[in-house]
Amino acid sequence: MAGEKKYKAPNKATVAEMRALFIDPVPDERKVDEALKHLKYLVEKYRPLMLAMESCTKCGHCAENCHTYLGTRDPNNIPTNRADLFRKAWKAAYTLEGKLFGKLVGAEPLSLDTIEKMYSYFYQCNECRRCAMVCPFGIDTCEVTFAGRQLLHWLGMVPKLQAQVGAAMYRTGNHTGLPKPGLVDTCEFLEEEMLEETGVEIKIPIDKPNSDVLYIPSSADFLLNPNTMMGAAKFFHYLGVNWTMSSEIAEAGNFGLLFDQRYTMRHNIMRLLNEAVKLGVKKIVWGECGHGWRTGKMYVPSMADRPIPVPIVHLHDEVSYYIRTGQLKLNPEVNSNPTTLHDPCNFVRACNMADTLREVITAVTTDFREMTPNRERNFCCGGGSAILYDEPEMYDLRIKFSAKKAEQVRATGVGEHGEGYLVAPCSICKAQLYPMVEEHQLGVEVKGLIDLVGTALYPPIKKND
Amino acid sequence: MEYLVLQILPYISVTIFVVGVMYRLGKWASARIVHNIVLTPAPPTLGGAAVNYAAEVALFRSLFKGDKSLWAGAWIMHFALLNIIGGHIVGFAFLGEQFKFIGTSAELSKEMSNLLGTTFGIVIWVALLYLLYRRFAINEVKLVSAPADYLHLLLLLGIVTCGNLMRLIPEYGVHYETAQTYFIQLATFQPVHLEHINFIFVLHLLLVQILMIVFPFSKLMHLFGMFAERWIINRPYVEPAPGLPGVKVSASSSTTTVTAGGKTTAGGV
Ligand code: HEM
Ligand code: SF4
Ligand code: SF4
Ligand code: SF4
């Protein structure tokens, strides 16, 4: 039968891990039937998906514009061919032309093998939407990947990584699985760190009642990207904002977007809205996380089960507003290393944030160099949608997916003397790029954007004298 | 054969075309736009979105930004196609004298009509050949093509070739008057009586009707897909107002009333 290892794919979640997501995996002999049912349901429900199935002209323009194809030259990574995993089955089962003419019109009945292939190639897509941007019709293969992963989730086929993160969210309200004492401890540690660094007493509050602002950090910022957490704290402190985080939802990311846009996504969103009301805040401010902000900005309105109680904004939009209105005194000289910016796909192609990022970065650094292409035409880092797998063959794919990014960074010359900054204001981009800048020997250090805002607001004491 | 192609088939093919397209569009319409998946940068106003929409539909802007040679082939092909379809309609309606309305004499108008028709006929033929060449020559395009993708181009090439033969070789020529008569007879459900018809003309009509029958069941529906998909991803987006509660606002900026910003699509799953 379809061998487990015929296609490169991340390890699947076990039955127990799937049951933690309230899914009973479908046995192989029923998979094709179930998949066909889900396929029909999804295609007939989501119009962008329907249009991807039915109006692609196969012009091929998307091929050279997908970094996963560029990095691997694997024909299945051409966006329209990725969509074909669905399209062929859709045509064969549910269209007249497919039933009559079969292969001639690109129809092919669904098989167990195709389902394995879906598992492989839908999890080789970074959901970066560059294909949608370049397609003459705007056909969004990311929508097909979303639907594909939804279908696989319902069959019980989810990578361990996504499944474990999803379950951690149910359990603790963040992806890292940190319980409240852990969060509080970390924050205290970071407070001390900031005191030592700047001489200023800056708080990082958790579950503080009567706050005005609820800050939603990426949970990776507690441990992996502490400078991002401290940067945000410095910014709020500077403006005297009465802010807090919540131990119930200390997570900007929403893996629901990435593998289950139903229960997992909604559960996370409702948790957020509940907390906002419980804490009585007036505004929710989102931290550095690309896919998370896409969810927060674009999917909360369509997923929420009740009206959204308070406005939801992004930290960078706030920072740029206060820069624009001249209310921040910044010392960009402290960030004088050659700096380039990686535009997170979700920020620039799905959240309108390209200008904002530039307004901020040019105000807090002195040697900023654009990479090309940039803004909405930027290429993904290769980690998008958290395909951050560590199994050797998947890790090898991550290196290939980031080849285009490496080429772009190198062309800016920021890393020539080994002291460049690569600003990547997205938690997943950071997780991907930390190892990738080493693999590609780029001579740069990966930074968050708000990290640099923090240092420009409160320069370290040592550097000041 | 002639009787079938000229008298019977047109009613069948037009019916299939109309019903098929409506069926397909109905199917699309019953699927919903559930989430807001606007592609950014998105303009804040409807006017701005309309400009983007028009630039995509009329000029293939995304294609232009990404691949100039594909853009040239595709845009020229479609521009010529649009003119040819338009030319068929006004040409047959006014017997080539349509340019009288912009002040030419009847003879000059006929000459212009013929010249334009011939030119676009040759242009589209070349553009189609280029697109076909591309399908064979560029590896990525080959990798994504199904047999039907080649056949569509061959079908169009067949139609255009017949058209050009009728234009360029007097022996196969068909006059505007003949075509007009034919359409009137068809439209009024009269038996078709035509003089000077030839094999090429019949073949041209047959291929066009095959195109009409295939149309609703093929990627040619991209004609409508363009409008439908752009309507989803080229929308305006209004950003929520910035400004944090409790922060004193500087004199230069007005106090912000916080609104839940951002146009969304009809929500709910
Ligand atoms: C508003 C109307 C239309 C728009 C905006 C449009 C747009 C496009 C675009 C952007 C492409 C992709 C580029 C390419 O592959 O060449 C394409 C391909 C194509 N279009 Fe259209 N189209 C329209 C109407 C039509 C019509 C009415 C026909 C024929 C009856 C047609 C026939 C084709 C064919 C055959 C291709 C594929 C070319 C190839 O294989 O390379 N189009 N169209
Ligand atoms: S660019 Fe769009 S129309 Fe062209 S092959 Fe890719 S998805 Fe299809
Ligand atoms: S979303 Fe990105 S990774 Fe996925 S197919 Fe499109 S361009 Fe490739
Ligand atoms: S990981 Fe970063 S670059 Fe890559 S898809 Fe997310 S936002 Fe895009």
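The values are calculated or read from the model by the stated rules, or taken from the named source; none is laboratory data. Note that the coordinates shown come from a computational prediction; the quantities given were computed from them, not determined experimentally. So basically every Cβ, Gly included, is an ideal-geometry build from the backbone, and we count neighbours across all protein chains shown.
The one condition from (1) in contact with a Pro (Cβ under 9 Å, 6 or more places away or on another chain); (2) more than 14 Å from every other protein chain (Cβ to nearest Cβ); (3) without any contact (Cβ under 8 Å) to a residue 60 or more places away in the chain that A:Ala250 does not meet is (3).
Return the pairs, sorted by first residue and then second, in which the second residue is assigned to a loop (DSSP other than H, G, I, E, B) and more than 14 Å from ligand 2 (Cβ to nearest atom), the first residue lies in segment A:122-139 and is closer than 22 Å to B:Ala228 by Cα and free of Cβ contacts under 8 Å to residues at least 60 places away in the same chain, the beta carbons are less than 8 Å apart, and the residues are 6+ apart or on different chains. So the pair list comes out as A:Gly138/B:Asn234. Within the option set A:Thr356, A:Thr412, being in contact (Cβ under 8 Å) with a residue 60 or more places away in the chain, buried (at least 18 other Cβ atoms within 10 Å of the Cβ) and not hydrophobic (A, V, I, L, M, F, W, C) holds for one residue only, A:Thr412. Scan segment A:139-153 for residues that are away from chain B (no Cβ under 14 Å) and either basic (Lys, Arg) or more than 16 Å from ligand 2 (Cβ to nearest atom) (or both) and the total you get is 4. Among the residues of segment A:109-138 satisfying the criterion of being among the small types (Gly, Ala, Ser) and in a loop (DSSP other than H, G, I, E, B), which is nearest to the other protein chains (Cβ to nearest Cβ)? Here the answer is A:Gly138. Here the condition is being away from chain B (no Cβ under 14 Å) and either over 26 Å from A:Tyr123 (Cβ atoms) or more than 16 Å from ligand 3 (Cβ to nearest atom) (or both); of A:Ile450, A:Ile399, A:Ile387, it holds for A:Ile450 alone. Going by what's in this entry, would A:Pro307 be described as over 24 Å from A:Lys430 (Cβ atoms), surrounded by 18 or more Cβ atoms within 10 Å (Cβ to Cβ) and within 11 Å of chain B (Cβ to nearest Cβ)? Spelling it out, it is not the case that A:Pro307 is over 24 Å from A:Lys430 (Cβ atoms), surrounded by 18 or more Cβ atoms within 10 Å (Cβ to Cβ) and within 11 Å of chain B (Cβ to nearest Cβ). Entry remark, segment B:211-251: residues being β-branched (Val, Ile, Thr) and within 13 Å of ligand 2 (Cβ to nearest atom) number 1 in total. You will find that of B:Leu211, B:Leu207, B:Leu194, the residue that is among the hydrophobic types (A, V, I, L, M, F, W, C) and either modelled with pLDDT under 95 or within 16 Å of ligand 3 (Cβ to nearest atom) (or both) is B:Leu194 and no other.
Quick grid of which residues meet (1) in contact with a Pro (Cβ under 6 Å, 6 or more places away or on another chain); (2) within 13 Å of chain B (Cβ to nearest Cβ); (3) farther than 27 Å from B:Tyr150 by Cα:
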residue: A:Thr14; (1), (2), (3): no, no, yes
residue: A:Glu17; (1), (2), (3): no, no, yes
residue: A:Ala20; (1), (2), (3): no, no, yes
residue: A:Pro25; (1), (2), (3): no, no, yes
residue: A:Leu42; (1), (2), (3): no, yes, yes
residue: A:Tyr46; (1), (2), (3): no, yes, yes
residue: A:Met50; (1), (2), (3): no, yes, no
residue: A:Met53; (1), (2), (3): no, yes, no
residue: A:Glu64; (1), (2), (3): no, yes, no
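Output the residue which, of all residues in segment B:1-36 that are within 19 Å of B:Phe227 (Cα to Cα) and of a type in the set (S, T, N, Q), is nearest to the other protein chains (Cβ to nearest Cβ). Within segment B:1-36, the match that is nearest to the other protein chains (Cβ to nearest Cβ) is B:Asn36. Do we have A:Ala132 as surrounded by 24 or more Cβ atoms within 10 Å (Cβ to Cβ), small (Gly, Ala, Ser) and more than 15 Å from ligand 2 (Cβ to nearest atom) here? Answer is no for this residue.
Within segment A:264-318, the set of residues being in contact with a strand residue (DSSP E or B) (Cβ under 8 Å, 6 or more places away or on another chain) and part of a helix (DSSP H, G or I) comprises A:Leu272, A:Glu275, A:Ala276, A:Leu279, A:Gly292, A:Trp293, A:Gly296, A:Lys297, A:Val300, A:Leu315, A:Glu318. Exactly one residue out of A:Lys88, A:Lys37, A:Lys6 is modelled with pLDDT of 95 or more, more than 10 Å from chain B (Cβ to nearest Cβ) and either away from ligand 3 (no atom under 16 Å from the Cβ) or on the phi > 0 side of the Ramachandran plot (or both): that is A:Lys37. In segment A:154-177 there is no residue matching the filter, namely being under 28 Å from A:Asn65 (Cα atoms), within 14 Å of chain B (Cβ to nearest Cβ) and not charged (D, E, K, R).
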